[in-house]
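Colleague: The structure follows.
The values are calculated or read from the model by the stated rules, or taken from the named source; none is laboratory data. Predicted model only: the values in this text are computed from it and were never measured. Cβ sites come from the backbone with ideal geometry, for glycine too, and all protein chains shown count toward neighbours.
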Amino acid sequence: MHTSPSVPVIKSKLPQVGTTIFTVMSRLAVQHNAVNLGQGFPDFAPSPELVNLVTKAMQSGHNQYAPMEGVVALREQIAVKTQKLYGFAPDPVEEITVTSGGTEALYAVISAVIRPGDEAIVLEPCYDSYIPAIELNGGVAVRVPLTPGTYGLNWDLLKRSINSRTRLLMINTPHNPTGTILTAEDMRQLADLLRDTDIFLISDEVYEHIIFDGEPHWSALREPALRERAFVVSSFGKTYHTTGWKLGYCVAPAALTKELRKVHQYLTFSSFTPVQHALAEYLQNPQHYLQLPVFYAGKRDYFLKLMAQTRFRMLPCRGSYFALASYVHLSDESDYDFAVRLTKEASVASVPVSVFYRDRTDHKILRFCFAKKEETLERAVERLVKV
């Protein structure tokens with residue numbers, strides 16, 4: 001009698017993880033011909049000048065592996081930009097690493113820092129890659145909720161969450177999904193909190209240039225006491241409307257960067273070469289990023305003005321290109337079910353904020369992306385007015 005060989009079964013390292021909400025909602029949007037304000041990407045073109053620079057780089061022969069750490073000319077321009085904005089000039093050779101997007105940088109840092117049993121504090125709601133990356137590396141994610149409504153830091157709860165096993169604290173400013181920001185005073189309190197500890201800091205600052213109402217972006221790089229223990233992650237994709245190019249970078253002290261690069265070289269080794277050469281030239285004009293606060297504030301204000309015609313209640317947005325809308329007065333449905341129904345019946349896709357919590361905390365709030373053309377926002381709100 002012939003016996004079939006047994007088929008091995010993978011015991012999942014991430015049993016609670018399925019397809020991301022961004023994929024789910026984008027598929028639904030396509031199926032129902034919906035306006036997609038869910039996944040965070042612009043629907044307008046990047047600068048033609050930048051596109052031409054990428055083409056020029058390709059035609060000039062920059063099509064093979066870039067150095068593992070990133071093209072030197074690009075790292076030099078990142079150092080100039082960092083000095084200009086935050087008063088600190090990192091060493092482009094030993095303290096700046098170009099990565100395949102911000103998410104790769106985050107994973108590489110977590111892999112370098114976290115050992116089995118280490119605890120990493122995340123502030124919920126948080127970007128969906130944080131906790132899986134911690135758990136894949138044997139760490140324990142300690143979830144500290146931001147204050148509901150304002151989404152400010154709960155300092156007492158944060159302090160109580162720190163113990164001898166705490167290895168890492170992750171912050172995000174401007175914050176996805178809530179649009180809140182950390183201030184100079186917040187950063188000073190964080191410096192006091194971490195002083196005399198062995199805790200590393202990841203500061204996810206991919207929306208650093210999308211900040212409103214005259215507020216400065218208070219990078220962890222501004223605070224010497226934080227800078228010495230921090231990995232600061234940034235994104236060219238968010239800054240230059242090119243999320244599909246997947247290019248970011250991490251600034252960290254030399255000793256920390258050395259460990260980050262040990263992981264990075266086995267994740268992607270190097271990142272897309274022509275874009276690195278193009279950005280090295282494009283960054284020489286700081287106006288390309290200095291004008292972003294005004295550019296995106298205009299989109300935020302236009303979207304909020306349009307949404308005033310609807311029955312949704314909009315929450316404050318101080319940064320990022322996301323706005324939160326409460327529907328608690330409209331429906332008792334879960335935010336997930338409401339978002340799905342909104343996509344199917346109103347043909348507008350959003351993201352339920354509960355997916356940014358591990359335990360799916362539901363305050364009946366949806367996240368909308370306003371990094372869209374005006375006609376896209378108008379088309380979406382025409383439909384939302386009917387809800």
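Colleague: Could you identify the single residue in PHE44, PHE88 that is more than 21 Å from the chain's Cα centre (by Cα), assigned to a loop (DSSP other than H, G, I, E, B) and closer than 25 Å to PRO293 by Cβ? Explain how you work it out, then say what you get.
Modeller: Working: PHE44 fails: more than 21 Å from the chain's Cα centre (by Cα).
Sole residue among the options that is more than 21 Å from the chain's Cα centre (by Cα), assigned to a loop (DSSP other than H, G, I, E, B) and closer than 25 Å to PRO293 by Cβ: PHE88.
Colleague: Okay, moving on. Exactly one condition in (1) of a type outside the set (Lys, Arg); (2) free of Cβ contacts under 8 Å to residues at least 40 places away in the same chain; (3) under 23 Å from GLU215 (Cα atoms) is not met by ILE171; state its number.
Modeller: It fails just one condition, (2).
Colleague: Shifting gears a bit: So LEU74 clears everything in (1) in contact with a Pro (Cβ under 7 Å, 6 or more places away or on another chain); (2) buried (at least 16 other Cβ atoms within 10 Å of the Cβ); (3) assigned to a helix (DSSP H, G or I) except one condition, right? Which one?
Modeller: Status for LEU74: all satisfied but (1).
Colleague: Ok, one more. Run GLY40 past the list (1) touching a Leu at 6+ places or on another chain (Cβ under 9 Å); (2) within 17 Å of LYS372 (Cβ to Cβ) and report the number of the one that doesn't hold.
Modeller: Of everything listed in (1) touching a Leu at 6+ places or on another chain (Cβ under 9 Å); (2) within 17 Å of LYS372 (Cβ to Cβ), GLY40 misses just condition (1).
Colleague: Would you call GLY40 closer than 21 Å to GLY102 by Cα and in the same structural domain as VAL353 (by TED's automatic domain parsing)? Break it down into steps so the answer makes sense when it comes.
Modeller: On the way: closer than 21 Å to GLY102 by Cα: yes; in the same structural domain as VAL353 (by TED's automatic domain parsing): yes.
It is true that GLY40 is closer than 21 Å to GLY102 by Cα and in the same structural domain as VAL353 (by TED's automatic domain parsing).
Colleague: Something else now. Just checking, which of ASP204, ASP186, ASP196 is among the acidic types (Asp, Glu) and free of Cβ contacts under 8 Å to residues at least 24 places away in the same chain? It would help to see each step written out before you state the result.
Modeller: Values: ASP204 fails: free of Cβ contacts under 8 Å to residues at least 24 places away in the same chain; ASP186 fails: free of Cβ contacts under 8 Å to residues at least 24 places away in the same chain.
The conditions single out ASP196.
Colleague: Restricting the search to the range 244-260, which residues are crowded, with 19+ Cβ neighbours inside 10 Å and in contact (Cβ under 8 Å) with a residue 40 or more places away in the chain?
Modeller: Residues satisfying the conditions are LYS246, LEU247, GLY248, TYR249, CYS250, VAL251, ALA252, LEU256, THR257, LEU260.
Colleague: Which residue pairs have Cβ atoms closer than 9 Å, lie 6 or more positions apart in sequence or on different chains, and pair a first residue in the range 24-40 that is touching a residue at least 60 places away in the same chain (Cβ under 8 Å) with a second residue that is assigned to a loop (DSSP other than H, G, I, E, B) and of a type in the set (Asp, Glu)?
Modeller: What qualifies is ASN36/ASP43.
Colleague: Find the helices (runs of 4 or more DSSP H) located wholly in the range 140-235 whose residues include 3 or more that are farther than 20 Å from ILE114 by Cα, over 13 Å from the mean Cα position of the chain (by Cα) and of a type in the set (Asp, Glu), and list them.
Modeller: Here the list reads 184-194.
Colleague: Same structure, new question: Residues that are in the same structural domain as LYS81 (by TED's automatic domain parsing), of a type in the set (Val, Ile, Thr) and touching a Cys at 6+ places or on another chain (Cβ under 8 Å): which helices (runs of 4 or more DSSP H) entirely in the range 253-323 hold 3 or more of them?
Modeller: Numbers: elements: 254-267, 273-282, 287-290, 292-307.
Those helices (runs of 4 or more DSSP H) do not exist here; none qualify.
Colleague: Do we have GLN16 as closer than 30 Å to ALA323 by Cα, exposed (fewer than 12 other Cβ atoms within 10 Å of the Cβ) and at pLDDT below 95 here?
Modeller: It is true that GLN16 is closer than 30 Å to ALA323 by Cα, exposed (fewer than 12 other Cβ atoms within 10 Å of the Cβ) and at pLDDT below 95.
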